[in-house]
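See below for the structure under consideration.
The values are calculated or read from the model by the stated rules, or taken from the named source; none is laboratory data. Model, not experiment: these values are computed from the prediction. Cβ atoms come from the backbone with ideal geometry, glycine included; neighbour counts cover every protein chain shown.
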Amino acid sequence: MHIPDGFINAPTSVATAVVAAAGVALALRKAGRELDEKTAPMAGLVAAFIFAVQMLNFPVGAGTSGHLLGGSLAAVLVGPWTAVLCMSVVLITQSLLFADGGITALGSNITLMGIVTVVVGFAVFKTVVRLMPSSARSVAVGAFLAALVSVPAAAAAFVGLYEVGGTADIPLESLVAAMVGWHVLIGIGEAIITGLTVSSVLAVRPDLVHGARGLLTKGPLELRSGLSAQARS
Amino acid sequence: MGAGHGHRLHYHGHSVVHRMPAQCKIVALVLFVLAVVATPRTQYWAYAVDALVLGVAVNVSRVPPAYLGKRMLVEVPFVVFALVLPFVAVGERTELLGVTVSQQGLEAAGSLLAKATLGVVAALLLAATTEPRDIIAGLEGKLPRQLVQIMAMMVRYLDVTSDQLRRMRIARESRGFVARNPRHWPVLAQGAGAFFVRSYERGERVHLAMLSRGYTGQLPGLRTDIARPRDWAVALMVPLSASVTAASAWLIS
């Protein structure tokens with residue numbers, strides 16, 4: 001959900017723009033280490049992936065459906081710095097090319113959806129992976145928990161922003177209850193999809209999952225055929 | 001929200017607004033929206049002046065208002081929020097159509113609707129009168145170079161990747177699979193995973209193709225049109241009038 005213009009007052013919008021600019025500048029510097037001179041083509045294609053995967057509808061039932069936000073998914077798949085860059089590029093493009101999300105709210109949107117979700121998601125992921133035995137399963141569980149926490153965390157950060165620079169006086173408790181409560185539900189959906197997506201990438205190209213680097217040991221080559229292969233899959 | 005972002009917004013035309021260099025339009029848009037957001041919230045006449053200025057710009061661009069109107073749907077979730085505001089906000093109570101609502105919430109809802117609508121229409125006008133590649137070229141020099149290059153690559157391949165996603169959906173449906181409820185999510189997530197692998201591998205191929213054509217980590221400049229002082233003068237008239245409006249609204253209030 002993108003914040004439109006007029007939702008957050010001008011001084012707070014400028015402040016979040018400064019935060020977003022600093023975050024993106026740091027990410028640009030650090031992403032060079034994740035991607036080197038491949039940055040433009042690889043980050044560009046990953047951003048195109050995120051943009052498109054947000055259009056993939058996951059039916060919830062009763063005719064409604066939701067879609068991925070993708071912050072934690074990107075952090076686990078390509079690393080936090082590249083993820084911040086890709087999410088920021090997606091948000092800038094949605095704002096300028098599709099009028100989705102206010103121009104003056106761009107700083108807030110990048111801070112919340114580009115930086116908070118990625119940073120919180122990756123921190124949770126790293127903690128989980130460190131605590132659990134190194135296996136494909138714990139990477140998937142880490143991705144699940146990362147998404148589960150990151151969505152309500154972004155909602156909580158939004159409530160904080162709104163308290164500072166919101167344009168209407170809503171009692172803090174009811175805003176927290178509405179925003180965080182609702183986003184806990186969204187976070188569950190995001191977590192299931194993120195976990196499933198990461199584990200399906202792990203099954204075919206574990207080398208592409210940034211968060212699984214150095215964790216997965218190569219197992220012995222196993223030949224499966226006929227019924228046993230079907231039974232295992 | 002549930003809707004996708006893949007709709008095309010560009011409306012082909014040759015008006016003054018269409019021909020204006022993208023960088024002028026982007027700067028004008030950012031300044032205009034900033035001025036609108038900085039307007040004190042109960043000065044409703046100021047929004048009317050801003051709407052009038054924007055209306056003139058839309059008229060000059062010859063983009064049909066209905067074309068922009070249809071695309072204002074992105075605003076809908078926040079219209080709902082604005083409608084709820086008077087009931088949940090605190091502060092003095094007031095009567096509206098026989099219902100007691102928060103005075104402050106009502107004012108906030110009004111200004112939120114006005115500001116968000118002006119912002120959406122202004123952004124739509126940029127998107128409708130400017131080709132995506134020109135918008136990105138117009139960002140050169142305004143945003144970090146590498147960020148603009150990532151954006152350029154993304155927009156260049158956006159149609160390719162979203163078409164791939166569409167083909168994957170058609171393939172699923174032609175095998176008789178239509179996702180209806182959360183039990184079908186594993187299939188969709190597997191598709192998303194496969195889609196990531198394909199996008200990433202496409203990135204690797206694109207990178208190798210670029211290397212074979214002499215890519216060294218720097219893309220050539222994207223900008224094609226040069227902004228003349230006259231273009232700037234015309235473009236900046238819009239944010240200038242909005243700023244004057246906002247400033248006088250502050251003086252009056």
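Please specify each residue of segment B:172-203 satisfying the condition of being charged (D, E, K, R) and modelled with pLDDT of 90 or more. Give the derivation first.
Step one: list which residues in segment B:172-203 are charged (D, E, K, R), which gives B:172-173, B:175, B:180, B:183, B:198, B:201-202.
Of everything in segment B:172-203, those that are charged (D, E, K, R) and modelled with pLDDT of 90 or more turn out to be B:R172, B:E173, B:R175, B:R198, B:E201, B:R202.
Would you mind stating whether B:L124 is under 25 Å from the mean Cα position of the chain (by Cα), at pLDDT 85 or above, within 8 Å of chain A (Cβ to nearest Cβ) and farther than 26 Å from B:A242 by Cα?
On the way: under 25 Å from the mean Cα position of the chain (by Cα): yes; at pLDDT 85 or above: yes; within 8 Å of chain A (Cβ to nearest Cβ): yes; farther than 26 Å from B:A242 by Cα: no.
Considered against the rule, which asks whether it is under 25 Å from the mean Cα position of the chain (by Cα), at pLDDT 85 or above, within 8 Å of chain A (Cβ to nearest Cβ) and farther than 26 Å from B:A242 by Cα, B:L124 comes out as no.
If you scan segment A:205-221, which residues turn out to be of a type in the set (D, E, K, R) and either touching a strand residue (DSSP E or B) at 6+ places or on another chain (Cβ under 7 Å) or modelled with pLDDT of 75 or more (or both)?
Step one: list which residues in segment A:205-221 are of a type in the set (D, E, K, R), which gives A:205, A:207, A:213, A:218.
Of everything in segment A:205-221, those that are of a type in the set (D, E, K, R) and either touching a strand residue (DSSP E or B) at 6+ places or on another chain (Cβ under 7 Å) or modelled with pLDDT of 75 or more (or both) turn out to be A:R205, A:D207, A:R213.
Tell me yes or no: at least one residue of segment A:35-42 is more than 28 Å from A:H183 (Cα to Cα), in contact (Cβ under 8 Å) with a residue 40 or more places away in the chain and either more than 7 Å from chain B (Cβ to nearest Cβ) or part of a loop (DSSP other than H, G, I, E, B) (or both).
So far as segment A:35-42 goes, yes, one or more of its residues are more than 28 Å from A:H183 (Cα to Cα), in contact (Cβ under 8 Å) with a residue 40 or more places away in the chain and either more than 7 Å from chain B (Cβ to nearest Cβ) or part of a loop (DSSP other than H, G, I, E, B) (or both).
Are there helices (runs of 4 or more DSSP H) fully within segment A:105-203 with at least 2 residues that are more than 12 Å from chain B (Cβ to nearest Cβ)? List them.
Because the criterion is at least 2 residues that are more than 12 Å from chain B (Cβ to nearest Cβ), the helices (runs of 4 or more DSSP H) in segment A:105-203 that meet it are A:117-131, A:136-165.
Restricting to segment B:135-158, count the residues that are within 19 Å of A:K30 (Cβ to Cβ), more than 7 Å from chain A (Cβ to nearest Cβ) and free of Cβ contacts under 8 Å to residues at least 24 places away in the same chain.
2
Only one of these conditions is not met by B:F196: (1) among the aromatic types (F, W, Y); (2) closer than 30 Å to B:T130 by Cβ; (3) within 12 Å of another protein chain (Cβ to nearest Cβ). Which number is it?
The one condition B:F196 does not meet is (2).
Among the numbered conditions (1) within 13 Å of chain A (Cβ to nearest Cβ); (2) free of Cβ contacts under 8 Å to residues at least 24 places away in the same chain; (3) not in a helix (DSSP H, G or I), tell me where B:H14 comes up short.
B:H14 satisfies every listed condition except (1).
Restricting the search to segment B:45-78, which residues are within 13 Å of another protein chain (Cβ to nearest Cβ) and over 17 Å from the mean Cα position of the chain (by Cα)?
B:A46, B:Y47, B:D50
Among what's in segment A:164-195 and is of a type in the set (S, T, Y) and more than 21 Å from the chain's Cα centre (by Cα), pick the residue that is surrounded by the fewest Cβ atoms within 10 Å (Cβ to Cβ). Break it down stepwise before answering.
In the first step, residues of segment A:164-195 are kept if they are of a type in the set (S, T, Y); the result is A:167, A:174, A:194.
The next check asks that each one be more than 21 Å from the chain's Cα centre (by Cα); those that pass are A:167, A:174.
Values: A:T167: 20, A:S174: 12.
Per the criteria, the residue is A:S174.
Collect the residues in segment A:207-218 that are surrounded by fewer than 21 Cβ atoms within 10 Å (Cβ to Cβ) and more than 11 Å from chain B (Cβ to nearest Cβ), keeping them in residue-number order. Can you show your working first?
First, the residues of segment A:207-218 that are surrounded by fewer than 21 Cβ atoms within 10 Å (Cβ to Cβ): A:207-208, A:210, A:213-218.
Those that are surrounded by fewer than 21 Cβ atoms within 10 Å (Cβ to Cβ) and more than 11 Å from chain B (Cβ to nearest Cβ): A:R213, A:G214, A:L215, A:L216, A:T217, A:K218.
Which of the helices (runs of 4 or more DSSP H) found entirely inside segment B:123-236 contain at least 2 residues meeting this: surrounded by fewer than 19 Cβ atoms within 10 Å (Cβ to Cβ)? Quick ask: steps written out before the conclusion?
Values: elements: B:132-139, B:145-174, B:185-212.
Qualifying helices (runs of 4 or more DSSP H): B:145-174, B:185-212.
What are the residue pairs meeting all of these: first residue in segment A:193-208, first residue within 12 Å of B:R198 (Cβ to Cβ), second residue not in a helix (DSSP H, G or I) and not hydroxyl-bearing (S, T, Y), Cβ atoms under 9 Å, and 6 or more apart or on different chains?
Going by the 9 Å Cβ cut-off, the qualifying pairs are A:V201/A:V209.
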